[in-house]
1. Tell me which of these residue 169 doesn't satisfy, since it passes every other one: (1) farther than 28 Å from residue 284 by Cβ; (2) assigned by TED's automatic domain parsing to the domain that holds residue 206; (3) in contact with an Asp or Glu (Cβ under 8 Å, 6 or more places away or on another chain).
2. What about residue 354, is it buried (at least 18 other Cβ atoms within 10 Å of the Cβ) and more than 25 Å from residue 88 (Cβ to Cβ)?
3. Filter segment 417-466 down to the residues that are aromatic (Phe, Trp, Tyr) and not in a helix (DSSP H, G or I) and list them by number.
4. What's the total number of residues in segment 1-43 that are in contact with a His (Cβ under 8 Å, 6 or more places away or on another chain) and among the hydroxyl-bearing types (Ser, Thr, Tyr)?
5. I'd like the residue in segment 184-226 that is in a strand (DSSP E or B) and hydroxyl-bearing (Ser, Thr, Tyr) and, out of all such residues, is surrounded by the fewest Cβ atoms within 10 Å (Cβ to Cβ).
6. So, in segment 1-58, exactly how many residues are more than 30 Å from residue 320 (Cα to Cα), assigned to a loop (DSSP other than H, G, I, E, B) and among the aliphatic types (A, V, I, L, M)?
7. Could you grab the pairs with beta carbons closer than 8 Å, sequence gap of 6+ or different chains, first residue in segment 27-38 and within 19 Å of residue 5 (Cα to Cα), second one of a type in the set (Asp, Glu)?
8. For segment 160-176, what are the residues that are more than 11 Å from residue 454 (Cα to Cα) and touching a His at 6+ places or on another chain (Cβ under 9 Å)?
Amino acid sequence: MPSKQVFESKDGATYTTSTGAPVGVPYAAQRVGFQGPLLLQDFHHIDLLAHFDRERIPERVVHAKGAGAHGYFEVTHDISDLTCAQLFSKVGNKARATVRFSTVGGESGSADTARDPRGFAIKLRTEEGNLDWVFNNTPVFFIRDPAKFPHFIHTQKRDPQTHLKDADMFWDYLSQNPESIHQVMILFSDRGTPDGYHHMHGYSGHTFKFVNKDGNFHYVQVHLIKDGGAKTFDNETAGKLAGDNPDYGIQSLFEDIESGNPPSWTVSVQTMTPEQAEKFRYNVLDLTKVWPHKEFPLRPVGKLVLNENPQNYFAEIEQAAFSPSHTVPGIEPSADPVLQSRLFSYPDTHRHRLGTNYNQLPVNAPIAPVANFQRDGSMAFNNQGARPNYQSSILPLAYKEKPYNVIKHETWLGAANADLSYITELDFEQPRALWQKVFNNTDREHLVHNVAVHIKGVRSAEVRDRQLSVFAAVDQDIADRIAQAIGVSTVKPLQVKPAAEAVRFKAYATDQA
Ligand code: HEM
């Protein structure tokens, strides 16, 4: 008879079944004698296996690899002229925050230092409900028409046959969709390989609408600037770390917080009136463009601090469900079509990934009381007791209107099927300024090198030359230098329509319809 191991609990916890019954021999299944088959009566063992079989939930279809932490957001400057959101009603107001950083294209086991944009998703728990800022570390994005998103993502993931990442597929998409070039220039600079997850800035990218109590709104872009500055790796260091320590980002975030060195960001906004938007050179709803800081300076708003590691990664980070549609009165989405699509896509994927009651999971549950007529469904932890599940005259719910009316903000009129991806010279101005004015010589050298080591894997000369012609449309020097680095002949710039043909932002109209 083997001797039974005896443990003394240090925190008062005793081993039980999932129904709370104590189990005397946890490491042994019930069986007939020492050699016989197992017993169906052994709930502990069957429950153990059955639960194990169901431990995995779907990983995020994008942004699967991540790291996260908790902390707080504090309002440091008064912006009540911009928004009536309760959080921003007073300097000193604080909200508990949960942040998840991520890479985009790789699976949940992929390397943290991959060349990729980084996700920077923030959940702020306010008295008026959750405010999620689901941002990236780049101020622009690859697309301005959301219909392209799933196709674009497919090309950055694995080939359906080889199940390998594929340089032809990658550049084939990007070269055919040149509005991506601004983001491509950022991605292939060293900003595409940040030093870990938390030495980087964060940007809304999208334009939001901040609405004040008088009902007036501003278009707003949000910036989170890392205190102490951002840090990046060069291509070779990032590549080496991907092999040596694929979890570098998770580890460095955890260790910085654990050692009392919490990362923090200064949060600012750029603002634009609707009238300014009509005169702005670029379309305010075009996610491939930035707003020049000289014209639209940063106005500080608050501070984000991450000072608390999760106690349980799965419960507090993996199950976190961020969505741009989780917002509060005073902060509205703009009509940016990519943002509009995201308003649908995130809660849709949460229902698939976490279940219909995903907002009842502790990490997602708002601190604001929830009362509505949603009931039941899988895992309905907060099923709202005996309260009626319709608007009953006997026990009605009060309705609280927003302090403003958005109906008069914008009037939209136009033909269906507008081509949002129409390419003009305007699409090359900002990437050109990045190359000629923002980058220094080292940045330029690194961009050429980083593209060269990637694009030399392309098998199709047609794809390679098409992408070189996109670079040449930014600046012939870029194409020439990349071509030289990979030993091919350079190409002429892609021919594009004049800037005057770009779709301008004219949709704003008051009381005209
Ligand atoms: C994650 C869709 C564009 C930032 C996701 C997820 C989906 C998605 C389905 C997985 C969410 C989950 O499983 O919880 C889309 C679509 C887009 C789009 C359809 C365009 C049409 C963008 C843009 C940004 C962005 C432009 C940033 C400005 C993020 C972030 C995450 C994410 C940060 C990770 C959230 C987390 O950590 O849980 N996206 N996305 N996405 N997306 Fe997007």
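The values are calculated or read from the model by the stated rules, or taken from the named source; none is laboratory data. Note that this is a predicted model, so its numbers are computed, not measured. Neighbour counts run over all protein chains shown; Cβ positions are idealised from the backbone, glycine included.
1. Single failed check for residue 169: (2).
2. Spelling it out, residue 354 is indeed buried (at least 18 other Cβ atoms within 10 Å of the Cβ) and more than 25 Å from residue 88 (Cβ to Cβ).
3. 422, 439, listed by residue number.
4. Within segment 1-43, residues that are in contact with a His (Cβ under 8 Å, 6 or more places away or on another chain) and among the hydroxyl-bearing types (Ser, Thr, Tyr) number 2.
5. 203
6. Going through segment 1-58 one residue at a time, the tally reaches 10.
7. The qualifying pairs are 29/42; 30/42.
8. 160, 169, 173
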